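Engineer: Would you mind keeping the following structure in view while I ask a few things?
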Amino acid sequence: MKQAVRFATWNIKDGGIYPEGSEDRCPGQTEVLRRLECDVLALQELTGWHLGEWHRLYALADALGMVALPPVTSRAVPGGINHQAVLYRPEIVKVLSHTPDRGREVFHHGLAKARLLIQGTEILVLATRLSWTDGPTRLAESRWLTDYAGEFFGHSHAAVLLGDLNTIDPDDAEPDWNDVPVNLHSRYRRVLDDGTFGDSDRDAAHVLLNSGWADPHHVLGTSKGPTVDHWYENEPTRLRDRGFTDAGIDPDTAEILSNTAKAYLEHSAEWSRYAGDQLVAALRCIPGVSQWTAVAAAVDCTHGRISYPLASALEVWAAQIPIGGREQARLRDEVLAWGTQAANRQRALTLATCARIREAAADAHCSSSPAPWGREYSPRLPWRT
């Protein structure tokens, strides 16, 4: 019986290397890829990985239990450094042929073409990153890919296109272009006859789909997972409402999370120097963040170096458990005994905070003054209506 085969593609941004040279992101990216357990993997933006004889690529392949095909070296400009690579799992995949420079001098970043034998089926894999410069360039590149969308002399019908196509899907909503600096609009919007901008240029995606390529989400009947926007330093940061909705987060909670994220982006460097009580005071200035939430976050960040009325919090939490009489009293005593032990303190604090005590209880036990921003975030317990 054949098992499912996993294909994946990821633009890892600047090779996972920060501008100052730190490679702290790389272990996290490796762990994400390890959990995916993909059989064929296409990577884009392996920036600078040619330095040191591609040691980063081979180290990643070894960590994933995969084998790297010869990389696709960028030909964007003389000395281009944004490379690509295809990796495969040798116990599942057999390589029949591979061309790392298909479409030479045509593709801005290059195109890899590999014939793979997977569980007795020959599959053609194309891997690329379409140009960032403009829609017409991406359209020209996409025309090199349309032949492989169906039966074509000398080529297998089964084919997979992997890559960063630098365009949004035809069925995606139109972006709010006010979020993007106008000097970047020519990359992704139609340029009208008078030089002004129209809607986003999706011609490359339309041509691929109309030629026979199919979006796997449509074929498999699955929804797209949320992704992460990338913003340049001169762009305003905007958290997308759709991401919260897709994750099942209610509007009130989404607003608080959005406020918190924005505050973190603005003040994280300053907050990193704060002691526990200072950090609590700073977090309490975020609209919707309660005293308990602020203290819990501060304890997590400072590893418990902060005072907190934990016994009071746990007692209020235990009192709301929907049982009564002696059983509730016994459970309350057990919770207090467990939670006040030093080894359990931080976990108990998280429990008490996430238990979602009602606002009145939070005010009575945790704060001697009203929240500076009015209503606090204190959703009801899961069993309450």
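FYI, it's all coordinate maths here, none of it is from the lab. These numbers come from a predicted model, not from an experiment. All Cβ positions, even for glycine, are placed from backbone atoms using ideal geometry, and neighbour counts span all protein chains on display.
Engineer: Once you place label points 7 Å from the Cα toward the Cβ at Asp14 and Ala275, how far apart are they in nm?
Structural biologist: Result: 3.5 nm between the two label points.
Engineer: Let me ask you something else. Quick check: pseudo-label points 7 Å beyond the Cα along Cα→Cβ at Ser211 and Val106, how many nm apart are they?
Structural biologist: Distance between label points: 0.8 nm.
Engineer: Let me ask you something else. Which ³J(HN,Hα) values in Hz, rounded to whole numbers, follow from the phi angles of region 92-107 under the Karplus curve 6.51 cos²θ - 1.76 cosθ + 1.60, where θ = phi - 60° and Gly and Pro get x?
Structural biologist: 3J(HN,Hα) across region 92-107, in whole Hz: 10, 10, 10, 8, 8, 6, 7, 10, x, 10, 5, x, 4, 6, 10, 7.
Engineer: Okay, next question. Check Leu130: other-chain or 5+ apart residues with amide H under 5 Å from its amide H, H built from backbone geometry?
Structural biologist: It is Asp164, Leu165, Asn166, by chain and number.
Engineer: Now, a different point. Amide H neighbours of Asp201 under 5 Å, counting only residues 5+ apart in sequence or on other chains, H built in-plane at 1.01 Å?
Structural biologist: Arg189, Arg190
Engineer: Test of understanding: what is the full-extension gain from Ala254 to Arg6, defined as 0.36 nm times their sequence separation minus their Cα-Cα distance? Can you show the working numbers first?
Structural biologist: Working: separation 248, 0.36 × 248 = 89.28 nm, distance 3.26 nm.
Full extension of this stretch gives 86.0 nm more.
Engineer: Please go through region 29-105 and write out the trypsin sites (Lys or Arg not before Pro) that DSSP classes as loop and that have at most 15 other C-beta atoms within 10 Å.
Structural biologist: Answer by residue number: Arg104.
Engineer: Based on other C-beta atoms within 10 Å, arrange Lys224, Lys13 from fewest to most.
Structural biologist: Final ranking by Cβ density, sparse to dense: Lys224, Lys13.
Engineer: Give the long-range amide H neighbours of Thr9: residues separated by 5 or more places, or on another chain, with amide H under 5 Å away, using H modelled in the peptide plane at 1.01 Å from N.
Structural biologist: Residues meeting the criterion, in which the H sits 1.01 Å from N, are Ala42.
Engineer: In region 83-166, which chymotrypsin sites (Phe, Trp or Tyr not before Pro) fall in coil by DSSP and have 13 or fewer other Cβ atoms within 10 Å? Let's see the in-between values first.
Structural biologist: Values: sites: Tyr88, Phe107, Trp132, Trp144, Tyr148, Phe152, Phe153; in loops: Phe107, Trp132, Trp144, Phe153.
Counting only loop positions with at most 13 other Cβ atoms within 10 Å, the chymotrypsin sites (Phe, Trp or Tyr not before Pro) in region 83-166 are Phe153.
Engineer: Quick check: residue separation of Leu51 and Ala158 times 0.36 nm, minus the Cα distance between them. What number comes out in nm?
Structural biologist: 35.0 nm
Engineer: With a cap of 12 neighbouring Cβ atoms within 10 Å, and only residues DSSP puts in a loop, list the GluC sites (Glu not before Pro) found in region 10-58. The partial results should precede the final answer.
Structural biologist: Details: sites: Glu20, Glu23, Glu31, Glu37, Glu45, Glu53; in loops: Glu20, Glu23, Glu37, Glu53.
Qualifying residues, ordered by number: Glu20, Glu23, Glu37, Glu53.
Engineer: How high is the FRET efficiency from Thr99 to Glu266, r the C-beta distance, R0 41 Å, rounded to 0.05?
Structural biologist: 0.30
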